[in-house]
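First the structure, in the form of structure tokens, and then the observations on it.
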Amino acid sequence: MSETATIDGLTRGEDGRMRCAWHGTDTEYRRYHDEEWGRPSADDDRLFEKLCLEGFQAGLSWLTILRKRPAFREVFQGFGIDAVAAMGEADIERIVQDPRIVRHRGKIVSAVNNARRAAVVRADHGSLAAFLWAHEPPAKERPETVSAEFVRANPVSPASTRLSKALKTAGFTFVGPTTVYAFMQSMGFVNDHLEGCCVREACEAERRAFVRPR
């Protein structure tokens, strides 16, 4: 039985549970929706990885990046900030030639640059996570109900605009407000699972229990 959208923005799966419809019918994408998207993290390398991958995703579907993520992790040495920051021209050229990833030289160069900038931010703020989470939006900037209409109408937010500006000031590239908002959605800075999604409350519980890095 295929999944069928029954409410605006929501789909009922074969397991009978309602989910955000954007994951479609792809099993890997559904696992990502259920287990990763919207879950908060204070791990510097994971946050850095997601910031990079959202930059690579611009102009493409996230499913394309998700399917290539194992190869991205391989060529970027697990997205360890120090490992990527140490990469030089030979490494960049090697990555550009790898057909398994998105071979966009500008974005590959950006990932190396951003690792170096992340290392500086980490030294100045104690962690990259502390710097990023300081830009979590206040409750007054969030809607009472997260609807499909709200998500469609808000590809950026005041908080993502502020964080984008802060990252650019720190020397990061490929971090526009839309890219940054997608990052904030995926890493739990906001909970944009729709009302009625079976995962929404679990993500909200994780956000309530999450200790914000300082």
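Residues in the range 92-141 that are of a type in the set (Val, Ile, Thr) and part of a helix (DSSP H, G or I) were compared, and the one that is farthest from Gly80 (Cα to Cα) is Val96. Residues in the range 116-137 that are touching a residue at least 60 places away in the same chain (Cβ under 8 Å) and among the charged types (D, E, K, R) were compared, and the one that is nearest to Ser160 (Cα to Cα) is Glu136. Anything in the range 35-77 that is crowded, with 18+ Cβ neighbours inside 10 Å and over 24 Å from Asn113 (Cα atoms)? List them, or say none. Result: Trp37, Gly38, Pro40.
Residues are listed down the side, and each one gets a yes or a no for (1) over 22 Å from Ala111 (Cα atoms); (2) at pLDDT 95 or above; (3) out of contact with any Lys or Arg (no Cβ under 9 Å at 6 or more places or on another chain):
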{"site": "Glu136", "(1), (2), (3)": "yes, yes, no"}
{"site": "Pro143", "(1), (2), (3)": "yes, yes, yes"}
{"site": "Ser164", "(1), (2), (3)": "no, yes, yes"}
{"site": "Thr169", "(1), (2), (3)": "no, yes, yes"}
{"site": "Phe172", "(1), (2), (3)": "no, yes, no"}
{"site": "Tyr181", "(1), (2), (3)": "no, yes, yes"}
{"site": "Met184", "(1), (2), (3)": "no, yes, yes"}
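Of the listed requirements (1) surrounded by 15 or more Cβ atoms within 10 Å (Cβ to Cβ); (2) small (Gly, Ala, Ser); (3) in a helix (DSSP H, G or I), Ala205 misses just one: (1).
Can you find a residue that is more than 29 Å from His33 (Cα to Cα) and over 15 Å from the mean Cα position of the chain (by Cα) anywhere in the range 140-150? No, because not a single residue in the range 140-150 is more than 29 Å from His33 (Cα to Cα) and over 15 Å from the mean Cα position of the chain (by Cα).
Looking only at the range 93-115, residues that are of a type in the set (Val, Ile, Thr) and closer than 21 Å to Leu167 by Cβ come to 4 in all.
Would you please name the residue that is modelled with the highest pLDDT, looking only at residues in the range 4-26 that are among the basic types (Lys, Arg) and not in a loop (DSSP other than H, G, I, E, B)? This residue is Arg19. The numbered conditions (1) farther than 19 Å from Val180 by Cα; (2) in a helix (DSSP H, G or I) are all true for Met87 except (2). Restricting Val211, Val190, Val180 to those that are assigned to a helix (DSSP H, G or I), aliphatic (A, V, I, L, M) and either surrounded by fewer than 22 Cβ atoms within 10 Å (Cβ to Cβ) or within 15 Å of the chain's Cα centre (by Cα) (or both) reduces the list to Val180.
The values are calculated or read from the model by the stated rules, or taken from the named source; none is laboratory data. These figures come from a predicted structure and were not determined experimentally. Neighbour counts run over all protein chains shown; Cβ positions are idealised from the backbone, glycine included.
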